[in-house]
Amino acid sequence: MSNKIVKTLAKIGVSILLLYLVFTKIDFNQVIKLYETSNPFYLVLAILLFVASQFISSLRLNYIFHQNQFHLSQVSNLKLYFVGMFYNFFIPGGVGGDAYKVYILSKQFGWKPKQLTKCVFVDRLIGLLAIFSLLILMGGYLLFPNSLLFLVSIVIALASFFIAKLIMVRVFKNSNTYYNYSFGYSLVIQLLQVSVIVCIIKAFQLKVVGIISYCFVFLVSSVLSVVSFAGFGAREYIFLKASTFLNTQETIATSIGLSFNIITALISLIGLAFIINKVRLTTVSINK
């Protein structure tokens, strides 16, 4: 059995275990009532904001592609991005979304797989660095809201940006040309996804005082969701365990994380349409 299959089975096992632990703790009748009494305007807005975040995410990846002389058209890139989402979310043990992008681009255009893999990896890494920067800022605000120590968290967040840039430039030689813009894209992506969580809270008509706490928990769940398959189980479990910190009921906290995953699953289905109709990829000419 290959390492890839073992890794996938392990993630599925983690998801099943965590979902079991979550579902034995929450009241499904309360979950159903939350959706029945929810405000549809905010649910639709949450979906639109999530789509916007994925569109910006596709722009970030294509920007990195272009900076590495892979001039894929944005329309083709967006289609490929949604196909990748579908593979990541619905095909356990199959070709991962990122691996699929590398394979299809290499096959169709003859681009070097190693360089494409580097682009995809750097894209993910810069996104992760942006999450850590936001976690530092939010953590500082939650711990020291009315203290000069909050300024320290701002300094640390800024320092982490520059330190990460220095390290990346040494490891990935030409990343200096696109690091700043890619990091900016990443901040916008995460702020849009945090806005999705805010809209879900509004949709459930919850009276929340510390909205930053929910945003902080969401970003933590985004980092730790890699241990489960497609984030299912991990995100819900983290929200469940954070319910005391959030000063809310376990079922309500879990429903917020679950709702984000449901939205992700629904939007990932867009990729199926492009798979059925076969993705046609094109490049753009660059005038020098």
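Does any residue of region 64-78 turn out to be closer than 25 Å to Phe232 by Cα and free of Cβ contacts under 8 Å to residues at least 60 places away in the same chain? Yes: one or more hits.
Within region 58-97, track down each residue that is of a type in the set (Ser, Thr, Tyr), over 19 Å from Leu272 (Cα atoms) and assigned to a helix (DSSP H, G or I).
Filtering region 58-97 down to residues of a type in the set (Ser, Thr, Tyr) leaves 58, 63, 73, 76, 81, 87.
If we keep only those that are over 19 Å from Leu272 (Cα atoms) as well, we get 63, 73.
Of everything in region 58-97, just one residue is of a type in the set (Ser, Thr, Tyr), over 19 Å from Leu272 (Cα atoms) and assigned to a helix (DSSP H, G or I), namely Tyr63.
Apart from one condition, Leu281 fits all of (1) open to solvent by 30 Å² or more (accessible area, probe 1.4 Å); (2) outside any helix (DSSP H, G or I); (3) on the phi < 0 side of the Ramachandran plot; (4) not acidic (Asp, Glu); the exception is (1). Scan region 124-136 and give yes if some residue there is open to solvent by 40 Å² or more (accessible area, probe 1.4 Å), part of a helix (DSSP H, G or I) and charged (D, E, K, R), otherwise no. Yes: region 124-136 contains one or more residues that are open to solvent by 40 Å² or more (accessible area, probe 1.4 Å), part of a helix (DSSP H, G or I) and charged (D, E, K, R).
Which of the residues spanning region 232-248 are in contact (Cβ under 8 Å) with a residue 24 or more places away in the chain and open to solvent by 40 Å² or more (accessible area, probe 1.4 Å)? Even if it seems obvious, please write down each step before you answer.
Within region 232-248, the first condition is being in contact (Cβ under 8 Å) with a residue 24 or more places away in the chain, and the residues that meet it are 232-237, 240, 242, 245-248.
Of everything in region 232-248, those that are in contact (Cβ under 8 Å) with a residue 24 or more places away in the chain and open to solvent by 40 Å² or more (accessible area, probe 1.4 Å) turn out to be Phe232, Tyr237, Phe245, Asn247.
Would a scan of region 205-219 turn up a residue that is within 16 Å of Ser15 (Cβ to Cβ) and within 14 Å of the chain's Cα centre (by Cα)? There is no residue in region 205-219 that is within 16 Å of Ser15 (Cβ to Cβ) and within 14 Å of the chain's Cα centre (by Cα). Test Ser182 against the stated conditions and say whether it is open to solvent by less than 10 Å² (accessible area, probe 1.4 Å), in a helix (DSSP H, G or I) and within 15 Å of Ile56 (Cα to Cα). Against the criterion (open to solvent by less than 10 Å² (accessible area, probe 1.4 Å), in a helix (DSSP H, G or I) and within 15 Å of Ile56 (Cα to Cα)), Ser182 qualifies.
Suppose we filter Tyr63, Tyr42 for residues that are in contact with a Ser or Thr (Cβ under 7 Å, 6 or more places away or on another chain), surrounded by 14 or more Cβ atoms within 10 Å (Cβ to Cβ) and not basic (Lys, Arg); which single one remains?
Values: Tyr42 fails: in contact with a Ser or Thr (Cβ under 7 Å, 6 or more places away or on another chain).
Every option except Tyr63 fails the conditions.
The single condition among (1) open to solvent by 40 Å² or more (accessible area, probe 1.4 Å); (2) in a helix (DSSP H, G or I) that Lys101 does not satisfy is (1). In contact (Cβ under 8 Å) with a residue 12 or more places away in the chain, over 22 Å from Ser268 (Cβ atoms), out of contact with any Cys (no Cβ under 7 Å at 6 or more places or on another chain) and open to solvent by less than 50 Å² (accessible area, probe 1.4 Å) - does that describe any residue in region 9-25? No, every residue in region 9-25 fails to be in contact (Cβ under 8 Å) with a residue 12 or more places away in the chain, over 22 Å from Ser268 (Cβ atoms), out of contact with any Cys (no Cβ under 7 Å at 6 or more places or on another chain) and open to solvent by less than 50 Å² (accessible area, probe 1.4 Å).
The values are calculated or read from the model by the stated rules, or taken from the named source; none is laboratory data. This one's a predicted model, so the numbers in the text were calculated from it and none came from an experiment. Counting neighbours? That spans all protein chains shown, and the Cβs are built from the backbone with ideal geometry, glycine included. Protein only, heavy atoms only, side chains kept; ligands, DNA and RNA dropped before computing areas. Shrake-Rupley method; radii C 1.70, N 1.55, O 1.52, S 1.80 Å.
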